[in-house]
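What follows is a set of notes on a single structure, which appears directly below.
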Amino acid sequence: MTTPRRGTGAAPGKVILFGEHSVVHGQPAIAAALGIGLGATATAGEGPPQLSIPAWQQQIQLKASGAGFDALDRGFAAALEAVGLDPTRTAVKVTVDGELPPSVGLGSSAAFAVALVRALSSFAGERLSTDRVRAAAEQVERVFHGTPSGLDHTVATLGGCLHYLRTSEGPQFTPITLARPIPVVVSWSPRRGSTRQAVSHVGARAARWPDLYGPVLEAMGRIAREGQAALEAGDLARIGALFDINHGHLNALGVSNADNERLVAIAREAGALGAKLTGAGLGGAVIAVAPEDPTPLLEAFEAARCPAFATTVGRGD
Ligand code: PMV
């Protein structure tokens, strides 16, 4: 066999720029790859497959499946299988690293899945097509999320910026070309509820008061369309204003909690061109359009003891 003894892979995190929640109700959304993500390195090991993710304090060794097999074991086994490696007998050691925080709506599990699949396939001496990477990553995402919407691992595989619509035939993704990558600062707080809870909370409100929430959801769709145009034009001030409006809508839907509000306020007071929560809400990540120098935002978050990083979104592979 021509197995090289080392394989590497990387994948970006994701942010939803416009349209989370309203996309569940038929409106368009815009999502993009974050400038930071995860990297994986696979090297020849000894004994059963090993996986270590130091940043998340995770280290596992794949034993035979059965009792004690948790989601990470199953996800690792699914990735090995998806690239044609035997999950019980392949002597491989994988290390995953990167700055992407887990469980705050930045697509960490999808970035993990794509980076892992890329590293394992290159370790196995195979170059997978984009479609095969995406399909293999979906198998891993299913272990973590049951029925994922497909958005996270699609962004993690393709990079760039995508228009996202839910149709009766399934999710539809269309690449958008940005005038330039958008400079952002991202901060986050712990999630206080799952995506499923946030989605059902909005669904219950919309079903109870369709006359009140219908117009809000439609306005969110208009903002996503305007957002796409502003992204294509590279108009940062307009993107910031649209972030502020979209955040107001998300607040109206009841998915912005006190932590989200605090982080948005810190960003705006420090000079952000606009800020909103990103993802399902009930805590989790907040994204701000950064001014030319993001330092005041980073300092403001640091002074408030909130984690933050500066990066760009929308860069392709
Ligand atoms: O799970 P998150 O935080 O990436 O957010 C999901 C986005 C929603 O619009 C709330 C749900 C969905 O499936 O589109």
Some residue of segment 273-286 being within 20 Å of His163 (Cβ to Cβ) and surrounded by fewer than 18 Cβ atoms within 10 Å (Cβ to Cβ): no
Identify, please: which residue in segment 265-288 is in contact with a strand residue (DSSP E or B) (Cβ under 7 Å, 6 or more places away or on another chain), more than 16 Å from the ligand (Cβ to nearest atom) and aliphatic (A, V, I, L, M) and is, among those, farthest from Ala230 (Cα to Cα)? Ala267
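Looking for whichever is assigned to a loop (DSSP other than H, G, I, E, B) and over 20 Å from Ile223 (Cα atoms) here; the options are Arg196, Arg192. Which one fits?
Numbers: Arg196 fails: assigned to a loop (DSSP other than H, G, I, E, B).
The unique qualifying residue is Arg192.
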Taking only segment 166-183 into account, find how many residues are more than 16 Å from the ligand (Cβ to nearest atom), β-branched (Val, Ile, Thr) and in a strand (DSSP E or B). 2
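With over 21 Å from Ala31 (Cα atoms), surrounded by fewer than 20 Cβ atoms within 10 Å (Cβ to Cβ) and in contact (Cβ under 8 Å) with a residue 12 or more places away in the chain as the only criterion, which of Pro181, Pro171, Pro190, Pro175 stands out? Steps first, please.
Working: Pro181 fails: over 21 Å from Ala31 (Cα atoms); Pro171 fails: over 21 Å from Ala31 (Cα atoms); Pro175 fails: over 21 Å from Ala31 (Cα atoms).
Step by step, each of Pro181, Pro171, Pro190, Pro175 is checked, and only Pro190 is over 21 Å from Ala31 (Cα atoms), surrounded by fewer than 20 Cβ atoms within 10 Å (Cβ to Cβ) and in contact (Cβ under 8 Å) with a residue 12 or more places away in the chain.
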All-but-one check, Ala258 against (1) without any contact (Cβ under 8 Å) to a residue 24 or more places away in the chain; (2) crowded, with 24+ Cβ neighbours inside 10 Å, failing number (2)
Residue satisfying all of: in segment 12-47; among the charged types (D, E, K, R) and within 13 Å of the ligand (Cβ to nearest atom); surrounded by the most Cβ atoms within 10 Å (Cβ to Cβ) among these: Glu20
Show me the strands (runs of 3 or more DSSP E) found entirely inside segment 48-165 where at least 1 residues are away from the ligand (no atom under 16 Å from the Cβ) and among the acidic types (Asp, Glu). 92-98
Assess whether Ala230 counts as being part of a helix (DSSP H, G or I), in contact with a Leu (Cβ under 9 Å, 6 or more places away or on another chain), more than 15 Å from the ligand (Cβ to nearest atom) and free of Cβ contacts under 8 Å to residues at least 24 places away in the same chain. yes
So Glu261 fits all but one of (1) away from the ligand (no atom under 15 Å from the Cβ); (2) under 27 Å from Pro12 (Cβ atoms); (3) acidic (Asp, Glu); what number is the exception? (2)
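Every residue in segment 120-153 that is of a type in the set (A, V, I, L, M), buried (at least 17 other Cβ atoms within 10 Å of the Cβ) and over 17 Å from Ala33 (Cα atoms), please. Quick ask: steps written out before the conclusion?
Initially, segment 120-153 is screened for residues of a type in the set (A, V, I, L, M), giving 120, 124, 128, 133, 135-137, 140, 143, 151.
Filter once more, so that each one left must be buried (at least 17 other Cβ atoms within 10 Å of the Cβ): 120, 124, 128, 133, 136-137, 140, 143, 151.
Of everything in segment 120-153, those that are of a type in the set (A, V, I, L, M), buried (at least 17 other Cβ atoms within 10 Å of the Cβ) and over 17 Å from Ala33 (Cα atoms) turn out to be Leu120, Ala124, Leu128, Ala136, Val140, Val143.
Values quoted throughout were computed directly from the atomic coordinates according to the rules given, and no laboratory measurement underlies them. What you see is a predicted model, and the numbers here were worked out from it, not measured in a lab. Note that each Cβ is placed from the backbone with ideal geometry, even for glycine, and that neighbours are counted across all protein chains shown.
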